[in-house]
Every structure is written in C-alpha cells, then in structure tokens.
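The values are calculated or read from the model by the stated rules, or taken from the named source; none is laboratory data. The structure displayed is predicted, hence computed values, not measured ones. In this analysis, Cβ positions are derived from the backbone assuming ideal geometry, glycine residues included, and neighbour counts consider all displayed protein chains.
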Amino acid sequence: MADHSNAGCDAGVCSRSDLALLHNLRKSTMRYISTRGGMPPKSFSEILLSGLSPDGGLAIPEAYPTITTAELTAWRALSYPALAFEILSRFVDDIPPADLRDIINRSYTAEIFGTPDITPLKTLEPGLHILGLSNGPTLAFKDIAMQLLGNLFQYQLDKTGDELNILGATSGDTGSSAEYAMRGKRGIRVFMLSPLGKMSRFQTAQMFSLQDRNIFNIAIRGVFDDCQDIVKAVSNDHAFKQAHRIGTVNSINWARIVAQVVYYFKGYFAATKTNDQQVSFAVPSGNFGNICAGHVARMMGLPIKHLILATNENDVLDEFFRTGVYRPRTTIETRHTSSPSMDISKASNFERFIFDLTGRNALQVREFWSAVEKGNAFDVSQTPLFAKIKDYGFVSGSSNHAARIVTIRDIHQRYQVLVDTHTADGLKVGLAHRETGVPLICLETALPAKFAESIQEAIGHEPERPAGFEHLEDLPQRFVVKDADVTAVKNFIDEQCGLST
C-alpha cells in the first residue's frame, strides 16, 4: 500500500511546483508481465495494441505504483485531465510526458462530456452518492476509457504508419463506445461482435446505425460469452493476429483498466474533505473490468474500505466472493436480463484479481484457468486464499428484475433522480452493505434512456432522451449475422480487409 509520508511538502500541503518536484523524483520504469507467466516484461506501448498476452494471460504491471499522502493532498484540487495525467504517467512511461498530456487533454473535454468535471458526483443524501460516468457520446461509462484509448491508438499508429484491426465483443455498451471513439480514424477498422437480440433496442440501434466504412457490426447467434470466446480464440491464433494486426478494445486491454482508475480517485476527492477518510464503492459488474480498476486504485493506496460488487441474475462473481467457488455458466445457463450489459458468465478481468490473490503465482493461475477453459470450476473455499479475499476489501451481492424495478422507483420517488437498470443493481447491493460513517459511492453505468422499457415499468413513463437521440431506432441499420463460429468471423475479417486494400 501507499507510503504515507509528506516528503516534499510543507505541513502536507503541496503547491504546483511541489507537485512537479514529486513527479520528477520518480525514476521507476513500468513494465508489464502476464498473469500466466509466459511473457517477458514489456513496455506500455508494446502491450497497448494487443489483446491477450502470447501465453493466453492478461497484461498486468510488475508492481503497482504507490501514492503518498503528499501526492493525495496535491491531487485533490486537480482538474480531471490533470489528475488523469498524474495517474496515467505512473503506468505510461514510454510516451513523452508532453505527448501524453496532449492525448489526455484531447480525450477529456467539456465538449465531449458535457461538463468540465467529466465525472460529476451527485449526492442523494449525506454519505450517499452516484458518480456520474455517463456523460460521453454514447451515454455510458465505457466512453471514459474509450475516448482515451482511441487517441492512444491513433498516436501509436501515426508513429509507425501501421494499420490496426480492432476485434471486440460487447454485451451492450463497450461496442458503441468503441465505435464512436474509433469512427473515421485513419488506419483503424473495428469488428464488433454482439449477441443477436440480447441488447436493448437503444443499444442495438446506437451501434448498428453507424454507417462509417471502418465500422463492422457482427451479430452472433449466442450470448456475450460466445462473442468473448471468439475474440480470445482469435487473439490466441498468433499467426492470424500478426498477419491481420488484430488489437482489442475490450477490458482485457490494460489501457481500458488504467483509464478507469482515474475516476475512483476523482470520486473519492469529491465525496471526502480529507485524506484520512475511507469510502466504499458499489460497482455493477459483469466482466470485472470496472471493479478491477477500483482494485488497482486501492492497491495504489486510495483509502477504499470496501469494493462492493453487484451482479444481476448472472451471479457467477457474487457466488465466488460468497463461497470461494468460481463456476462460469454455459451459454444455455446464461440468462437474458433487464440489465443486459451484465449478462456475462465468464469474467475476463477476474484473472487479474486472482493473480494478485494468489500472491502473483502464475502457475496457480494457469492451473485455475486450465480448468475454466475446459468448462470446469475452481474452488478456493478450503484454502487460505478464501480468507485473504477480505484483505482486498471485496464484498458482494446480487439483484434481480423485481429488485431493480423497485430500486429505480424508490430512488426516483425519494431523490427525484432517475437511474438505469445496471446502476439500480449497484445501488441495491451497495445499500445492503452501507456502513454508518463511510460514504458510499455508486458508479453509474449508463443513462436511463438506453433502457426505456424497464424505466416505463418502474415509473410509468419513458425516460427523457438527450438531444440527438430522439429517433435513433428508426435509422437504417448496417450489420451481418454470424454463427458463434471462430472460422466464420475470421473469414469475414479476411473479406473486409481484402476489400479495403
């Protein structure tokens, strides 16, 4: 955890010059390894454009940077872009600081996010808050990371003159956020897989109505996990990946995670007055990416008491944190729910947490995921690992359709605030774990307009739509339908790359 010293500042108060001095004193080199131990240490730029590591694992820092009390104090008054630079520069040391600052400043503007705060905190009552993460172009929290990722990709490609074919999978919001961030960018094509008929009408139209020549939507006959499995299979076909310059925007990409770390710090500063306070975050979770960023923030030293993981009816992660058994479900077992972005039964980023939980034992991680990839479970309930979970601050719970409708209605009636179905899951579980004297911050997932049918059921009328989205579902849609078949997807990528050359 953090080294809580005040070296470099008087009485714990830092000026801008003090901050610059603290920043310049850091001499560490950040390198990334694989959760499965088979990748030599690499720089940030070397892992940026790739998906899975060559051994099938996920990239993760050799060690998390730690923050001091002096740095926390200095960061408290920073703007979102300035805070993002301080945090990201600890993970990205192979992009010149001036270039990194420029990329960040172009990613986080009031024009893109509608507010200079980027992630404004909404207080429902003293000690109960919602962190507004859905002000970007696609009305979902994924925009915050994806806007940065698009500019990072473009920066790298401009340096090399290369092209990149992005292959991604979405359960609802990642796809549109990625496509809106990458549309029209030179040298980038996006191939986005989504489960046919499993997203809301709004989410579907937001993606499929895009007519940009570099955007390709592929609706898969199956569930999100089938889409994600295809992405991983292509990533593990090293010859195909190299020949087609395949990259990924899913949260298996480390840049997605580190971009999301920033708003945990921003939310903490907004909800507290001093750095000796703890907060808890309630996080709706399907693929474990959003809450993984909270785990990283806590490991860096942010005073987080609990990371409250909220699932919907697809409760694989809740089951693990309650019982110690991780049992991914089959396609047939995965339920289609009214919080569809969390209809996930194989949480990719969970591997990063297990890597830390095992004391960074890559051999043990390989053993666990060897079982998972064969359709089996792993069980730590009778091992010392289960007791260690509490040391990382995780607690969990699940929600269902009836509970989220009640939560939406209750929050609306009590606070005149309307939330989407996923945020409702987070509030429901977060309130069940709320502690006196510890501020609770629920992370917003998306705007209610994306889930009109459930909002209608909860409050008797549809939510208001932001300007520009009034007739989204009436726009012409452009997509193809494929079976859940890796070869079919590869052939489609071949065809489009051939047509584009």
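Structure above, values below:
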| quantity | calculated |
| --- | --- |
| Qualifying residue in region 297-306 (condition: under 16 Å from Glu444 (Cβ atoms) and surrounded by 24 or more Cβ atoms within 10 Å (Cβ to Cβ)) | no |
| Segments classed as helices (runs of 4 or more DSSP H), wholly inside region 84-186, with at least 3 members that are surrounded by fewer than 22 Cβ atoms within 10 Å (Cβ to Cβ) | 97-107, 110-113, 142-160 |
| Residue in region 286-293 that is at negative phi, assigned by TED's automatic domain parsing to the domain that holds Asp420 and touching a Phe, Trp or Tyr at 6+ places or on another chain (Cβ under 6 Å) present | no |
| Residue match in region 463-472 (condition: part of a loop (DSSP other than H, G, I, E, B) and of a type in the set (Asp, Glu)) | yes |
| Pair list, Cβ under 9 Å, 6 or more apart: region 329-354 residue in contact (Cβ under 8 Å) with a residue 24 or more places away in the chain and under 22 Å from Met207 (Cα atoms), other residue part of a helix (DSSP H, G or I) and aromatic (Phe, Trp, Tyr) | Ser338/Phe451; Ser339/Phe451; Pro340/Phe224; Pro340/Phe451; Ser341/Phe224; Asp343/Phe224; Ile344/Phe224 |
| Output for region 358-388, where each listed residue is within 24 Å of the chain's Cα centre (by Cα) and among the acidic types (Asp, Glu) | Glu373 |
| Lone qualifier among Glu444, Glu473 - being in contact with a Gly (Cβ under 9 Å, 6 or more places away or on another chain) and either at pLDDT below 95 or outside the structural domain of Ile166 (by TED's automatic domain parsing) (or both) | Glu444 |
| Among residues of region 65-83, those that are among the acidic types (Asp, Glu) and either exposed (fewer than 15 other Cβ atoms within 10 Å of the Cβ) or at pLDDT below 95 (or both), counted | 0 |
| Unique residue being surrounded by fewer than 22 Cβ atoms within 10 Å (Cβ to Cβ) and in contact (Cβ under 8 Å) with a residue 40 or more places away in the chain when the list is Thr358, Thr323 | Thr323 |
| Close pairs from region 361-382: first in the same structural domain as Thr331 (by TED's automatic domain parsing) and farther than 12 Å from Val325 by Cα, partner in a helix (DSSP H, G or I) and of a type in the set (A, V, I, L, M, F, W, C), Cβ under 8 Å, at least 6 apart | Asn361/Phe355; Ala362/Phe355; Val365/Ile354; Val365/Phe355 |
| Arg322 more than 30 Å from Glu125 (Cα to Cα) and basic (Lys, Arg) | no |
| Single residue of Ala282, Ala271 found to be of a type in the set (A, V, I, L, M), over 19 Å from Thr35 (Cα atoms), at pLDDT 95 or above and crowded, with 24+ Cβ neighbours inside 10 Å | Ala282 |
| Qualifying residue in region 420-437 (condition: among the hydrophobic types (A, V, I, L, M, F, W, C) and in a loop (DSSP other than H, G, I, E, B)) | no |
| Subset tally (residues that are of a type in the set (D, E, K, R), at pLDDT 95 or above and within 30 Å of Gly222 (Cβ to Cβ)) for region 342-394 | 5 |
| Test for Phe216: is it touching a strand residue (DSSP E or B) at 6+ places or on another chain (Cβ under 7 Å), surrounded by 24 or more Cβ atoms within 10 Å (Cβ to Cβ) and modelled with pLDDT of 90 or more | no |
| Residues within region 43-60 that are crowded, with 22+ Cβ neighbours inside 10 Å and polar (S, T, N, Q), tallied | 1 |
| Out of Lys232, Lys241, Lys273, sole residue that is of a type in the set (Lys, Arg), in a helix (DSSP H, G or I) and out of contact with any Leu (no Cβ under 8 Å at 6 or more places or on another chain) | Lys241 |
| Val249 assigned to a loop (DSSP other than H, G, I, E, B) and closer than 28 Å to Arg329 by Cα | yes |
| The listed residue being modelled with pLDDT of 90 or more, part of a helix (DSSP H, G or I) and crowded, with 22+ Cβ neighbours inside 10 Å, out of Met199, Met207, Met192 | Met207 |
| Count - residues of region 317-327 that are in contact with a Gly (Cβ under 9 Å, 6 or more places away or on another chain) and more than 13 Å from Lys390 (Cα to Cα) | 2 |
| Residue that is nearest to Ala271 (Cα to Cα), among those in region 124-145 that are polar (S, T, N, Q) and either touching a residue at least 60 places away in the same chain (Cβ under 8 Å) or assigned by TED's automatic domain parsing to the domain that holds Tyr80 (or both) | Ser134 |
| Hits in region 292-319 - residues which are closer than 11 Å to Ser396 by Cβ, in contact (Cβ under 8 Å) with a residue 60 or more places away in the chain and in a helix (DSSP H, G or I) | Leu317, Asp318 |
| Positions within region 320-369 being part of a helix (DSSP H, G or I) and among the small types (Gly, Ala, Ser), in sequence order | Ser341, Ala362 |
| Subset of region 384-419 that is assigned to a helix (DSSP H, G or I) and of a type in the set (S, T, N, Q) - its residue that is surrounded by the most Cβ atoms within 10 Å (Cβ to Cβ) | Thr407 |
| Some residue of region 421-434 being farther than 30 Å from Gly294 by Cα and polar (S, T, N, Q) | no |
